[in-house]
Structures are given as structure tokens and as C-alpha cells.
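Report on the structure given below.
The values are calculated or read from the model by the stated rules, or taken from the named source; none is laboratory data. Source: prediction; values computed, not measured. Neighbour counts run over all protein chains shown; Cβ positions are idealised from the backbone, glycine included. Note: areas computed on protein heavy atoms with side chains; ligands, DNA, RNA excluded. Shrake-Rupley method; radii C 1.70, N 1.55, O 1.52, S 1.80 Å.
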Amino acid sequence: MPNQDNNPQGPAGKSRRDFLKKSTALAALTIASPVLVKAAENDEKIAALFEQMPLRLEVNGVAHTLSVEPRVTLLDLLREQLHLMGTKKGCDHGQCGACTVHVDGKRINSCLSLAVMNEGKKITTIEGLAIGDKLHPMQEAFIKHDGFQCGYCTPGQIMSAVCCVKEGHANNADEIREYMSGNICRCGAYPNIVDAIIEVKKGGQSL
Amino acid sequence: MINFDYIRTFTTKAAVDAKVKSASSQFIAGGTNLVDLMKKGVTSPDKLIDINGLPLKQITADAKGILIGALALNSEVAENAIIKTKYPLLAAALNAGASPQLRNMATVGGNMMQRTRCSYFYDITMPCNKREPGSGCGALQGQNRMHAIFGTSEKCIAVHPSDMCVALAALDASVHISGPKGDRKILFTDFHRLSGDTPELDNNLQKGELITGIHIPANAFNKTHYLKIRDRASYAFALVSVAAALEISGNTINNAKLAMGGVAHKPWRLTAVEKFLTGKPANKETFTAAANMAMEGANTFGQNNFKIKMGKAAVTEALQQAAQKI
């Protein structure tokens with residue numbers, strides 16, 4: 001459900017676009033000449049810059065119809081509009097992997113993906129891995145091998161690790177290290193993360 | 001991030017038309033570099049034109065070579081069976097770049113369009129002629145450990161960060177482009193520019209033009225290697241990289257292609273060294289002589305002096321590794 005913040009209709013029933021035209025755009029131009037103000041009033045483009053876009057996507061099997069500004073990243077949409085806090089914001093620049101989610105089965109950095117570019121896509125986050133109380137095999141393996149310390153990078157590590165195995169890049173420790181290089185762990189839990197992935201790969205379960 | 005208008009396009013014509021209409025618009029495909037640059041305030045387009053709906057994902061091969069659609073993902077190209085068997089240099093270069101997550105987002109066209117990772121370009125409080133022409137170059141007498149040693153100008157000493165592009169430069173690829181005046185093709189080595197007096201221009205695309213694909217001609221290189229030297233074992237930009245493609249029969253080099261990354265404002269093709277290698281025996285002596293030749297004309301800036309020694313070693317090693325391939 002879109003929350004109130006997503007509603008393009010303001011509290012007074014006026015559209016957001018009208019509101020912006022009469023406030024932001026005009027306020028910014030009060031020192032300008034009346035001609036400019038008039039031009040801005042008629043300029044749909046200025047209002048369009050603040051416009052929200054409709055967006056439909058599926059997250060962890062649940063369909064959502066939302067409204068977002070184009071500048072909202074998939075990461076911020078997940079955390080702030082859908083309140084799925086499992087996906088972490090680390091660097092917010094695609095360098096740490098804490099925000100890793102699956103889009104149509106492929107692992108990506110959600111901090112560098114604009115939400116509007118995910119129209120019609122199926123997103124899986126860390127919250128979508130377990131089935132009820134039954135943890136995903138990769139989650140079980142991370143617990144068994146102590147594949148974390150502070151835990152902040154762990155959701156991203158696990159989402160990445162699932163794909164690492166599915167892609168066929170978990171055949172030995174060196175290959176795992178290479179194909180997990182997009183996930184940084186500042187606690188240094190790497191050896192245990194590699195062990196967890198090796199176990200899941202050897203287990204041969206369908207992921 | 002400053003907000004912007006966003007439209008989706010589904011044909012090359014619609015995308016090009018939209019770009020021509022809006023001066024400060026940009027195409028977006030994977031967005032792995034552009035979104036980052038927008039967050040940092042390095043670029044603030046009024047409008048993003050999403051081109052992901054364009055039919056430019058196909059990879060098609062025939063006897064003449066292979067055509068890779070501009071929207072093919074870096075990971076898809078690296079894992080493509082024909083690329084892996086017939087153009088392994090490209091697969092190796094792609095896999096040396098970025099991380100698995102980024103390769104799942106980044107497209108081939110986007111990889112070519114990525115901007116330099118020079119820290120002065122990224123820091124909007126610093127002077128940078130590429131970001132803001134006329135503001136000066138912070139790197140020239142500043143932090144320039146990662147910077148260029150070939151083809152530099154006093155305006156800009158940044159390097160092009162791509163690995164993929166180094167392999168494509170070596171493999172004589174060409175770039176397919178659509179624009180308001182129709183379609184055209186240019187050699188890959190003519191796509192990117194040296195910084196010169198206009199460091200703000202990374203490439204030779206004209207107004208409204210869109211990359212639609214990359215063509216690599218079929219080749220007979222039986223020994224190739226992509227060597228990348230960086231500060232950590234994976235997921236870091238190159239200090240120096242080398243793409244080497246050799247056609248060896250018996251012990252004689254019949255044909256050689258060589259390009260370097262991390263050393264210039266564009267993938268640095270070494271045609272004179274290629275000529276030198278042709279007809280020579282594939283041995284250490286040849287490779288060392290080639291490496292010395294490769295570094296002729298290098299110009300360093302203090303912190304990146306090491307790149308000459310590293311570059312020599314890298315060229316020797318890449319050629320040796322290539323020659324040893326079965």
C-alpha cells in the first residue's frame with residue numbers, strides 16, 4: 001500500500017503539481033520579473049521535475065503498486081517505502097555490496113538502481129529467502145560457520161552467495177573469493193563466509 | 001540527488017529524438033556509473049532517457065565476426081559461449097572489471113561511456129577541467145598515483161577506467177552508432193579521445209548519438225591474455241593492464257595485437273610494438289624488447305613514476321602468459 005507520502009494529492013485536495021506551481025516555483029521566482037513568473041506558471045516542465053511516477057513491481061512474491069520520484073533508488077524504496085530494512089545501505093555507491101538484492105534472479109547493487117527502472121520486475125530481498133520459519137540453506141550455513149561478526153554486511157553477503165552458487169562460480173575457494181569480491185566485510189569474516197558457501201555448494205540443494 | 005524527468009523509450013529513433021530535444025538529457029542503461037555521478041553532483045541531467053526497452057541485447061555471430069548489442073550485460077557477454085571460445089580475451093577483460101553485481105547491471109555501451117575515476121573529477125569542491133572546463137587540473141601536481149603516463153595534456157591526466165575497452169581496442173572492434181543523421185560505424189580505437197584541450201569530451205559521439213552495438217572481426221589469435229595489476233586481488237581499477245593477442249605457429253609470432261589500460265585517457269593501443277613482434281620468435285628476449293618499446297614516450301607526474309617499471313613488467317608478463325596458453 002502506498003503511504004500518505006506517496007499520494008500525489010495533497011491534504012487540501014489540490015494536486016501536488018498545482019501546489020508546487022503556486023509555492024516552490026513561484027517562491028523561487030518572486031524576485032524575478034512578472035513575465036518570468038507568468039512563464040513559470042505555464043511551464044509544465046518545472047512541475048514535472050517534482051512529479052512522481054507510478055511503479056509496479058513484485059517484492060518477495062508480493063505485488064506492489066507505488067508512486068515514486070525518479071531519483072529514488074531501489075534500495076531507498078525497499079527500506080523507506082516498503083519498510084524492508086534487511087537490505088542495508090553501506091557505501092551507497094556500489095562499492096560494498098551491503099545492498100545486494102536479486103532482480104529477476106540476478107544479483108545487483110540496489111543502491112545504483114533507480115526504482116523506476118525496475119517496472120514489472122521481481123525483486124527478492126533477504127526477507128524473501130526463508131520459507132516461514134525454515135531458513136534458506138545459505139542462511140543456515142552462515143550461522144553454522146559463523147560467517148559474520150557485526151552482521152551489517154551479512155544480508156548482502158548471503159544474497160550474493162546464493163547467486164554465486166547458482167551461477168556456478170562456487171567450485172573452489174579461489175573462485176568463491178573472486179566471485180564474492182563485490183561484498184566487503186570490515187569485520188573480516190571472509191574465511192567463514194567462504195566455508196559456508198563451500199558447504200552449500202557441496203550440499204547440492206536446490207537454491 | 002537533484003530530481004529529474006524520466007522517460008522510457010522502446011525504439012532507437014524515439015531515444016535519439018528525445019536526446020536531441022533535451023540538451024541536458026542523458027541516456028541511462030545500467031546506471032552503475034551515471035547514478036553514482038548524479039549522487040555525487042558531478043552530473044545533474046534534467047532528463048534521463050531509459051533505453052533498456054530498446055531491442056539491443058542480442059549477441060549474433062557469423063563467419064565475419066560477432067556483433068554484440070549495446071545493451072548486452074557485461075556478465076552476459078563474459079558468459080556467452082561464443083565469446084568464451086572465440087574471443088576469450090574479451091571475456092577475461094570483462095571478468096577482471098567491477099564486481100559480479102555490477103557486471104549484472106552494466107551494459108557494453110555503458111561500459112564504454114563510463115567516466116574516469118580520477119578523484120578530482122569526483123570531488124566537486126576540487127578543480128577539474130573535465131568536470132568544469134577552465135577550473136584547472138588538481139591531479140597534475142596533486143594525487144596522481146592512478147593517473148596517465150601516455151597522451152596526457154596539461155589540462156587533464158585522467159585515465160579511462162574500463163577493462164573491456166582495452167580488449168576491444170586490441171581486437172580491432174568497431175562501434176555501431178545511431179544518431180539524428182542516421183547510422184554510422186567507427187573504429188573502436190577512434191571512439192575514445194585523448195584529453196588535449198577538451199578533456200570534457202571523453203569520446204567522439206556527436207549530439208544525440210547512441211551506441212547500438214560493437215562488432216569484433218573474426219580472428220586467428222590462438223594465444224591471448226588479459227593481465228590486470230591492481231591494489232587488491234579483485235574489484236579494483238587497474239594500475240596497469242595489458243590485453244595481448246598473439247597468433248603463433250611453431251615458435252613464430254605471425255600476428256600480434258596489444259593494448260594497455262590504466263595508462264591513458266583512452267585504451268592505449270601499441271601498434272608500433274605489434275609491428276615489431278610480427279615475425280619474431282616467441283621468447284623472453286622478444287617480449288622484453290617489446291615491453292621496453294611499449295614504454296617509450298611515457299611521461300610521469302611524481303606519484304605514478306612506478307607505472308613505467310610496472311608497465312614494462314606487465315607487457316612482458318602478458319605476452320609470456322599469452323604465449324604459454326595451450
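Here are some notes:
- The residue of the stretch A:182-202 that is nearest to the other protein chains (Cβ to nearest Cβ), among those that are open to solvent by 50 Å² or more (accessible area, probe 1.4 Å) and part of a helix (DSSP H, G or I), is A:Tyr190.
- Residue check for B:Ala23: exposed (fewer than 14 other Cβ atoms within 10 Å of the Cβ) and within 13 Å of chain A (Cβ to nearest Cβ): yes
- The residues listed here are B:Pro127, B:Pro161, B:Pro133; of these, the one that is open to solvent by 10 Å² or more (accessible area, probe 1.4 Å), within 13 Å of B:Phe237 (Cα to Cα) and not charged (D, E, K, R) is B:Pro161.
- Residues that are closer than 24 Å to B:Tyr226 by Cα and either among the β-branched types (Val, Ile, Thr) or out of contact with any Pro (no Cβ under 9 Å at 6 or more places or on another chain) (or both) are absent from the stretch B:125-144.
- B:Lys130 being in contact with an Asp or Glu (Cβ under 6 Å, 6 or more places away or on another chain), over 25 Å from A:Thr73 (Cα atoms) and among the charged types (D, E, K, R): yes
The rows are residues; the columns are (1) more than 13 Å from chain A (Cβ to nearest Cβ); (2) surrounded by 18 or more Cβ atoms within 10 Å (Cβ to Cβ); (3) under 20 Å from the mean Cα position of the chain (by Cα).
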| residue | (1), (2), (3) |
| --- | --- |
| B:Asn3 | no, no, no |
| B:Thr9 | no, yes, no |
| B:Ala14 | yes, no, no |
| B:Leu56 | yes, yes, yes |
| B:Glu79 | no, no, yes |
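- Candidate set: the stretch B:102-112, residues that are of a type in the set (S, T, N, Q) and under 14 Å from B:Glu79 (Cα atoms); chosen: the one farthest from the chain's Cα centre (by Cα): B:Asn104
- Across the stretch A:149-181, the number of residues qualifying as within 10 Å of another protein chain (Cβ to nearest Cβ) and open to solvent by less than 10 Å² (accessible area, probe 1.4 Å) comes to 5.
- Only one entry of B:Ala70, B:Ala92, B:Ala139 meets the criterion of being away from every other protein chain (no Cβ under 13 Å) and under 21 Å from B:Leu171 (Cα atoms), and that entry is B:Ala70.
- Qualifying residue in the stretch A:125-135 (condition: part of a helix (DSSP H, G or I), touching a Gly at 6+ places or on another chain (Cβ under 6 Å) and either under 26 Å from B:Asn33 (Cα atoms) or not acidic (Asp, Glu) (or both)): yes
- Scanning the stretch A:70-110 for residues that are crowded, with 20+ Cβ neighbours inside 10 Å, at the interface with chain B (Cβ under 8 Å from one of its Cβ atoms) and either touching a Cys at 6+ places or on another chain (Cβ under 6 Å) or in a loop (DSSP other than H, G, I, E, B) (or both) turns up A:Pro70, A:Thr73, A:Gly94, A:Gly97, A:Arg107, A:Asn109.
- B:Glu296 vs. criteria acidic (Asp, Glu) and either over 21 Å from B:Pro88 (Cβ atoms) or in a helix (DSSP H, G or I) (or both): yes
- Taken across the stretch B:264-279, residues that are in contact with a helix residue (DSSP H, G or I) (Cβ under 6 Å, 6 or more places away or on another chain) and either within 25 Å of B:Asp62 (Cβ to Cβ) or assigned by TED's automatic domain parsing to the domain that holds B:Val20 (or both) do not occur at all.
- Comparison of B:Ala314, B:Ala256 shows that the only residue that is in contact with a strand residue (DSSP E or B) (Cβ under 7 Å, 6 or more places away or on another chain), within 17 Å of B:His160 (Cβ to Cβ) and crowded, with 19+ Cβ neighbours inside 10 Å is B:Ala314.
- Checking each residue in the stretch B:290-304 for being of a type in the set (A, V, I, L, M, F, W, C) and open to solvent by 40 Å² or more (accessible area, probe 1.4 Å) picks out B:Met293, B:Phe301.
- Any hit, the stretch B:4-24, residues being part of a loop (DSSP other than H, G, I, E, B), among the basic types (Lys, Arg) and over 30 Å from B:Gln321 (Cβ atoms): no
- Looking only at residues in the stretch B:33-42 that are open to solvent by less than 30 Å² (accessible area, probe 1.4 Å) and not in a helix (DSSP H, G or I), the one that is farthest from the other protein chains (Cβ to nearest Cβ) is B:Val42.
- Criterion (open to solvent by 30 Å² or more (accessible area, probe 1.4 Å) and within 11 Å of another protein chain (Cβ to nearest Cβ)) met by exactly one of A:Lys134, A:Lys121, A:Lys144: A:Lys121
- Scanning the stretch B:64-93 for residues that are within 13 Å of B:Gly30 (Cβ to Cβ) and of a type outside the set (Asp, Glu) yields B:Ala70, B:Leu71, B:Ala72, B:Leu73, B:Asn74, B:Ser75, B:Val77.
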